[in-house]
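Contents: one structure, followed by commentary.
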Amino acid sequence: MSARRTLIAGNWKMNGLTAEAKALAGGLAEKMNAVGDVDFEMLICPPAILIPVVAAVVQGSNIKLGGQDNHANAAGAHTGDTSTAMLKDAGCTYAIVGHSERRTDHGETDQVVNDKAAAAHANGLIAVICIGETEAQRDAGKTLDVNGRQIAGSVPDGSTAENTVIAYEPVWAIGTGRTPTSQEVQDVHAFIRGELAKKIGDNEAAKTRILYGGSMNPKNAKELLALPDVDGGLIGGASLKVDDFWTVAQNA
Ligand code: 13P
């Protein structure tokens, strides 16, 4: 039995308006409240502008809130960005950093991701650091190289099992309905844990949660979440429907 508590995290990305956010978060809070104690931790990461709306709805439930990104700096002239203090002020305890969509859309490098994760830590937020190879990198046999490099570059000094979660998201599996085989997922997760150990030590790495993300859904969640080094999921599309997300969580 692993001591790592399964984390079921929903990344809503740039989806939803006030009414939908209220209905989705409200539906999940209702289910969480109805079951009482659960073996997993549930996290939802709405668009920044909807965090206060969602915070009000999930108040009193066990659902945790996270940002989808944060700036590395504490405050200042960074138009359009969100600071870790703002996320915390709005009720977040987590922040996703280094999602492949940010790496692609905003040109974020490992160093930028590293700085953002360090900023999250400095403000008491748990950083969910995303890594993953593209399809071309996979086809070229570079999956482990790429993920190893991203761990080395994106995980800041001072990371621990308490303040850090890793999310392995093969870019080619995001929103495509395709996933690696279970054996491939397990192999990459075990490799990531080994690379993480080089940075933070065996003991912390053994306690750190490593999530799988990329087309996780109600059908494949059970098999993926049962893998020994998979400690939860970072879920996009299937986190936008109460029943789908809840079914995934039921497989934790
Ligand atoms: P999908 O679950 O839609 O493939 O998205 C995964 C993801 O990118 C979560 O961060």
*Quick one: compute the contact order of the chain, relative version, from alpha carbon pairs under 8 angstrom and 6+ residues apart, as a percent.*
20 percent
*How much of the DSSP beta bridge set in the chain is antiparallel, as a percent to the nearest 5?*
0 percent
*asked:* Between the range 40-90 and the range 111-183, how far is it from one alpha carbon centroid to the other, in angstrom?
replied: 20 Å
_Where a label projected 7 Å from the Cα of K198 along Cα→Cβ would reach, residues of the range 100-121 with amide N under 18 Å_ = 110-111, 114
*In Å³ and rounded to a whole number, note down the convex hull volume per residue for the Cα atoms of the range 190-252.*
80 Å³
*Across 10 Å bins from 0, what is the distribution of all Cα-Cα pair distances for the range 4-69, in whole percents?*
22, 58, 19, 1
*Arranged by the count of other C-beta atoms within 10 angstrom, fewest first, what order do I166, I51 take?*
I51, I166
*Taking +1 at the Cβ of each Lys and Arg and -1 at the Cβ of each Asp and Glu, which of A56, I129, G107 sits farthest along the dipole of the range 29-130 towards its positive end, judged by Cα position relative to the Cα centre?*
A56
*With only Lys, Arg, Asp and Glu charged, each at its Cβ (+1 for the first two, -1 for the last two), find how big the charge dipole of the range 109-252 is about the Cα centre; round to the nearest 20 debye.*
160 debye
*Please state the charge dipole magnitude for the chain, taken about the Cα centre, from unit charges on C-beta atoms (+1 on K and R, -1 on D and E), reported in debye and rounded to the nearest 20.*
240 debye
*Can you tell me the dipole magnitude for the range 99-151 around its Cα centre, using point charges on the Cβ only (Lys, Arg +1; Asp, Glu -1), in Debye to the nearest 20?*
140 debye
*Please state, to two decimals, what the Cα-based radius of gyration of the range 97-252 comes to when divided by 2.2 N^0.38 Å (N = residues).*
0.98
*asked:* With 10 angstrom as the radius, rank D110, D231, D139, D37 by how many other C-beta atoms surround their C-beta, starting from the fewest.
replied: D37, D139, D110, D231
*Linear extension gain, I49 paired with E223, 0.36 nm per residue minus alpha-carbon span*: 59.2 nm
*By counting other Cβ atoms within 10 Å of each Cβ, how are V242, V155, V128 ranked from fewest to most?*
V242, V155, V128
*Once all Cα-Cα distances of the range 1-127 are split into 10 Å bins that start at 0, what whole-number percent is in each one?*
13, 43, 33, 11, 1
*For the chain, build the charge dipole from Cβ charges (+1 Lys, Arg; -1 Asp, Glu) around the Cα centre, then report which of S154, N33, L7 sits farthest towards its positive end.*
N33
*Summing -39500 (n - 2.57) over the DSSP H runs of n ≥ 4 in the chain and dividing by its residue number, what mean residue ellipticity at 222 nm do you reach, to the nearest 500 deg cm²/dmol?*
-12500 deg cm²/dmol
*asked:* Tell me the relative contact order for the range 195-252 as a rounded percent, counting alpha carbon contacts under 8 Å between residues six or more apart.
replied: 34 percent
*Positive minus negative residues near P52 (Lys, Arg vs Asp, Glu; Cβ under 14 Å)*: +1
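We did not get these values from a lab; they are worked out from the coordinates using the rules stated. Keep in mind it's a predicted model, so treat the numbers as computed, not measured. Ideal geometry is used to build each Cβ from the backbone, glycine not excepted, and the neighbour counts take in all protein chains shown.
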